[in-house]
1. Under 37 °C and 0.692 mPa s, how fast does region 127-183 diffuse according to Stokes-Einstein, given a Kirkwood radius computed over C-alpha pairs? Answer in µm²/s, whole number.
2. So between Leu120 and Thr430, what do we pick up on full extension, going 0.36 nm a residue minus the alpha carbon distance?
3. Sequence-distant or interchain residues sharing an amide H contact under 5 Å with Arg46, placed H: which?
4. Please give the helix 356-369 orientation as an angle from the longest Cα principal axis of the chain, in degrees from 0 to 90, rounded to the nearest 10.
5. Where Lys and Arg each count +1 and Asp and Glu each count -1, what net charge lies around Thr431 among other residues with Cβ under 14 Å from its Cβ?
6. Lys and Arg at +1, Asp and Glu at -1: add these up for the other residues within a Cβ distance under 14 Å of Ala112 and post the number.
7. Hey, with R₀ at 25 Å, roughly what FRET efficiency would Ala399 and Leu36 work out to, going by the Cβ-Cβ distance, to 0.05?
8. Using the Karplus equation 6.51 cos²θ - 1.76 cosθ + 1.60 (θ = phi - 60°), what ³J(HN,Hα) coupling, rounded to whole Hz, does each residue of region 72-80 give in order, writing x for Gly and Pro?
Amino acid sequence: MNIHDPLYAAAHPEPLTQVTLYSAPLIIPVTGPVILNGTIAVSGSRVVHVGTRRWVWDTLESELAAGARVEERHWHGVITPGLVNAHTHLQYTVMAEVGRGTYGGFHDWERAFDDVYDGLDGNVWRDSARAGARMMVQAGTTAAADIVTDPEAADALASQGMHGVAYWEVMNWRNSDWKTAGISELVGHLGTMRQEGLPSIGISPHAPYTLETAPFVDLPDIARQLDMRLHIHLAETPMEAGADTDDLTIYSAAAWRDRHWTSYTELKREGLNASAIQFLDQLGSLGPDVHIAHGVWASAEDRRILRQRGVGVALCPRSNRITVTGKDAPVRAYLEEGNLLAIGTDSLSSSPSLDVLDDAAMLYDLARAQGYRANDLSHRIIRMLTIGGAQEMGMHVGAGRIGQVNAGATADLAFFDIPVDIASPAGIETTIETLVRHGAGTNRATVISGRLVYNHGAFSAPSDETADPRA
Ligand SMILES: [Zn+2]
């Protein structure tokens, strides 16, 4: 067998020359049960092992090279995979004044947004986007679905070494000018983003009320030809709601068969009660490479379509209140029906912070207020905060996978400073619930791709080296 073959390497692993161990009373690996008094071994950009501290040390013993450099960092709180923010616009970090306002309705918020946006010089976006990305890293977030509206903001994730997808936003195109100007403009911007070496680029068709039909047909085709993912604002505003009926879901419905709708707006104007989700489904825009932001006005039939197509939802509960979307998302129904869920903060233009745990706390309360009774709520929200967000961007399996701590996964970690009680099962459950409900603002260190990129007093620097236990 060729010694360069990955299978040969798996059977004859190279001795490890440098390993960093992160130990804590409670580790939440997400893809397995919580680990008490656990250790995560990291070498290079990847996790080597995760388990109890004793098991990891024992296992490493036979894997270390002679004279290997082993460093152990003890954390007194909880270690999780780096969090995933499944919907944001990092470039609007400079527009926090809009997010601090109060509005009478969604269009009021839109007007306030446009006033500030139009008054800003294009050269603010780069620094604004990078500042937002840094805030995320400080909050323990290591990946995001970031929508980019101005090219200057495209490298926000890359500037911090974060993972996720930078989605180029496409909005305000009619069918006619889309074909003549829109496509070439899009291709130009995607080309520029590729030249900048951005790790992962996607496309974000903005919303059914800012794009007519042709771009919603073409954009998924273009993205799929280029192996890019899609992210859409969908079912955010009341005008995107339909009647809660499946009359218009089947392809043979006369409304679809006998009519070419120039836009969703035209369909609504003519009195048809299809939802925006049904409309985009008929156009072939949905699929497992798509995730949507908000999903507030999703009926039972809409939620069924999302499940059927494998479309995940990024819930942004605080943003929905500030922009006055008219109601909260059906969190309980999504959970009970089994939709793929993640959490986003949206941008500071519609949210008080970029800490996704603030939205997690609100989702916990919303789910309970809506009648969700099961005792797995904290665990399900942790899943949304990590591998759920990864899955919505197609990054939950395979090489470079994120949102989980297991052998071979990308070493993205967050370190939360919350009271830990592992003396009893009830204490462990309380600890996990505390993280979900009160974890915002408690991250003290962040590791991205094996590098300690944020250290707010969690580990002494320069970190002290631990002797090889065999010595
Ligand atoms: Zn948004």
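1. 262 µm²/s
2. 107.0 nm
3. Amide H neighbours of Arg46: Ala411.
4. Around 70 degrees separate the two axes.
5. Once all neighbours under 14 Å are counted, the net charge is -3.
6. Result for the neighbourhood of Ala112: -4.
7. Once the sixth-power term is evaluated, E becomes 0.25.
8. Listing the rounded values in order: 10, 10, 8, 10, 8, x, 10, 10, 10 Hz.
Values in this text are rule-based calculations from the coordinates and carry no lab data. Quantities reported herein were computed from a predicted structural model and do not represent experimental measurements. Here Cβ is always computed from backbone atoms with ideal geometry, including for glycine, and neighbour counts include all displayed protein chains.
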